[in-house]
């Protein structure tokens with residue numbers, strides 16, 4: 001197998017595995033996986049056939065040709081070949097279907113009866129049990145010298161993934177669940193929760209870590225809101241956990257047994273967004289080789305999270321508004337009106353009020369989604385939560401990498417004094433980066449990037465506070481940064497303001513010089529150093545510098 005094909009198929013296996021677990025409806029998952037397969041192999045037609053079991057119907061997903069039904073019938077329907085694969089449990093290759101007895105009946109009723117085609121089929125298995133078959137054909141005549149080993153190997157891997165997804169889906173459906181709910185349970189477990197096997201509504205959101213008053217207030221609001229079907233708008237800085245709260249609201253609601261579906265609206269064109277949300281019919285546009293359900297359909301009865309709602313284009317806002325008002329939609333390229341019952345949660349870090357005032361966001365859509373606004377606090381306002389979150393992230397790192405790292409108390413003190421403009425996401429990245437590079441099992445203050453002059457988080461905070469600041473990070477002199485490390489050795493002031501950024505000075509010296517130049521007014525010193533007053537206050541306490549009062 002050449003390297004290009006190997007890389008393409010390796011990527012294809014990942015995409016197909018993602019397709020197979022992305023939808024709570026098995027027939028949709030199989031159809032999406034088959035669509036991906038058609039982009040990887042030179043095939044005309046193809047299908048995945050899952051045999052019927054007791055209490056379970058037969059499922060067939062087709063690609064390449066057919067009518068406008070959800071499961072179109074292919075031009076060549078190789079029933080005998082499929083039965084042969086299922087009965088033998090072995091792969092089947094027919095270089096020219098016109099010369100095989102397995103296809104005589106199919107070719108008599110086919111419009112493609114005179115077309116030379118090669119057929120390749122493999123069994124769909126799980127733990128040696130044959131569940132069905134996966135087959136493709138292509139318009140070319142094979143010869144005795146052709147080698148189909150690569151195609152058979154690749155199709156067998158796809159078939160094995162299909163078998164696992166089928167068994168998981170059937171087991172969950174017997175228990176009244178779905179693949180989407182299983183994914184939610186895994187995600188909640190990773191966040192730190194303990195969801196029980198019984199689908200009882202939890203009284204608290206135990207999987208969101210934090211004990212600060214600011215966080216508790218938001219949790220309390222989320223618990224109240226979850227008991228209703230009102231639309232929710234989650235607002236806050238990037239990285240504050242908007243998706244985690246959306247999941248929490250879903251899990252606390254009466255819709256918890258139904259799917260939780262999410263879509264990030266950022267960087268999607270209006271056409272792509274319409275197809276993703278509303279779905280499309282086969283042939284609606286180039287590349288639409290089969291019918292596909294949209295996120296609204298997949299979330300029917302459950303919850304739909306539209307992240308970065310402030311980024312959608314004005315032309316799509318009107319289409320979205322109609323669905324929210326009427327609860328009805330049509331797939332792209334379709335004429336049938338579908339009814340959906342979805343609880344909508346939107347999330348954004350944009351100032352939507354400013355966007356409405358400037359005409360970038362429709363006022364009527366704003367009022368539709370902004371029924372219950374919940375503002376998530378940034379991490380710097382969640383007193384005491386940073387050490388708790390850091391321990392959770394470090395434990396997660398240990399579990400994933402087979403390590404046994406821990407924080408020294410002084411290391412947690414360092415983290416507690418950081419601003420983290422990227423909030424929870426930045427804290428997790430900081431913990432992972434430090435744990436990866438730690439030289440011993442006990443993480444010390446010296447292990448942090450900020451103690452080595454490699455952390456520019458404070459400059460991100462400065463950029464958020466000063467819209468006119470366009471200075472590149474690498475262009476700022478060392479004197480414009482105050483370390484967030486532990487107290488340095490005592491030093492003496494270095495003189496007038498002209499020596500604030502002089503080389504060789506300690507962080508303590510620079511800070512004292514700036515404070516003296518500013519008349520011991522923290523706001524003025526912050527402007528001199530290019531920091532925020534909050535950061536200067538932290539640095540004064542950390543370096544144990546007594547503020548002079550006049």
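In nm, what is the difference between 0.36 nm times the number of residues separating residue 264 and residue 52 and their Cα-Cα distance? Write down the numbers at each step before the final one.
Numbers: separation 212, 0.36 × 212 = 76.32 nm, distance 3.65 nm.
Full extension from residue 264 to residue 52 adds 72.7 nm.
Along the Cα→Cβ direction, 7 angstrom out, place labels at residue 444 and residue 371. What is the inter-label distance in nm?
5.6
Give the calculated FRET efficiency between residue 353 and residue 534 to the nearest 0.05, with a Förster radius of 35 Å applied to their Cβ-Cβ distance.
Working: r = 25 Å, r/R0 = 0.73.
Once the sixth-power term is evaluated, E becomes 0.85.
Under 19 Å from a label point 7 Å along Cα→Cβ of residue 326: give me every residue in region 362-381 with its amide N that close.
Backbone N within reach: 364-366, 368-369.
Assuming a ≥ b ≥ c are the square roots of the Cα gyration tensor eigenvalues, decide whether region 179-375 counts as rounded (a/c under 1.5), prolate (otherwise, with a/b larger than b/c) or oblate. Before the final figure, lay out the partial values.
On the way: a/c = 2.04, a/b = 1.35, b/c = 1.52.
Oblate, because a/c is 1.5 or more while a/b does not exceed b/c.
So, in nm, how far is label residue 18 from label residue 452 when the simple model puts each one 7 Å beyond its Cα toward the Cβ?
3.2
Multiplying the sequence separation of residue 90 and residue 545 by 0.36 nm and subtracting their Cα-Cα distance, what value in nm do you get? Display every interim value, and only then the final one.
On the way: separation 455, 0.36 × 455 = 163.80 nm, distance 7.77 nm.
Stretched out fully, the residue 90 to residue 545 stretch lengthens by 156.0 nm.
Quickly rank 92-100, 163-171 as a protection proxy: mean count of other C-beta atoms within 10 Å, highest first.
Highest-to-lowest ranking by the protection proxy: 163-171, 92-100.
Would you calculate the separation in nanometres between label points at residue 401 and residue 285, each defined as 7 Å from the Cα along the Cα-to-beta-carbon direction?
Rounded to a tenth, the inter-label distance reads 4.2 nm.
How would you rank 445-454, 287-296, highest first, on the average number of other Cβ atoms within 10 Å across their residues? List each step's numbers first, then the result.
Working: 445-454: 16.1, 287-296: 20.2.
Highest mean packing first, the order is 287-296, 445-454.
Treat the count of other C-beta atoms within 10 Å as a stand-in for reagent exposure and order 148, 14 from fewest to most.
Numbers: 148 14, 14 11.
So the ranking, lowest neighbour count to highest, is 14, 148.
Multiply the residue separation of residue 229 and residue 337 by 0.36 nm, subtract the distance between their alpha-carbon atoms, and state the gained length in nm to one decimal. Intermediate values should be presented prior to the final figure.
Details: separation 108, 0.36 × 108 = 38.88 nm, distance 2.29 nm.
Between residue 229 and residue 337, full extension yields an extra 36.6 nm.
Take 280, 84 and order them by how many other Cβ atoms sit within 10 Å, fewest up front. If you can, show how the numbers build up before the last one.
Details: 280 21, 84 15.
Listed from fewest to most nearby Cβ atoms, that is 84, 280.
Provide 153, 277 in ascending order of the number of other Cβ atoms located within 10 Å of each residue's Cβ, fewest first.
Values: 153 13, 277 26.
The most exposed by this proxy come first: 153, 277.
For a protection proxy built on the mean count of beta-carbon atoms within 10 angstrom, sort 393-404, 226-237 highest first, please. Intermediate values should be presented prior to the final figure.
Details: 393-404: 13.5, 226-237: 18.8.
So the peptides 393-404, 226-237, ranked by packing, come out 226-237, 393-404.
FYI, it's all coordinate maths here, none of it is from the lab. Predicted model, so just to flag it, every value in this text is computed and none were measured. Because the Cβ atoms are built from the backbone with ideal geometry, glycine has one as well, and the counts that use them run over all protein chains shown.
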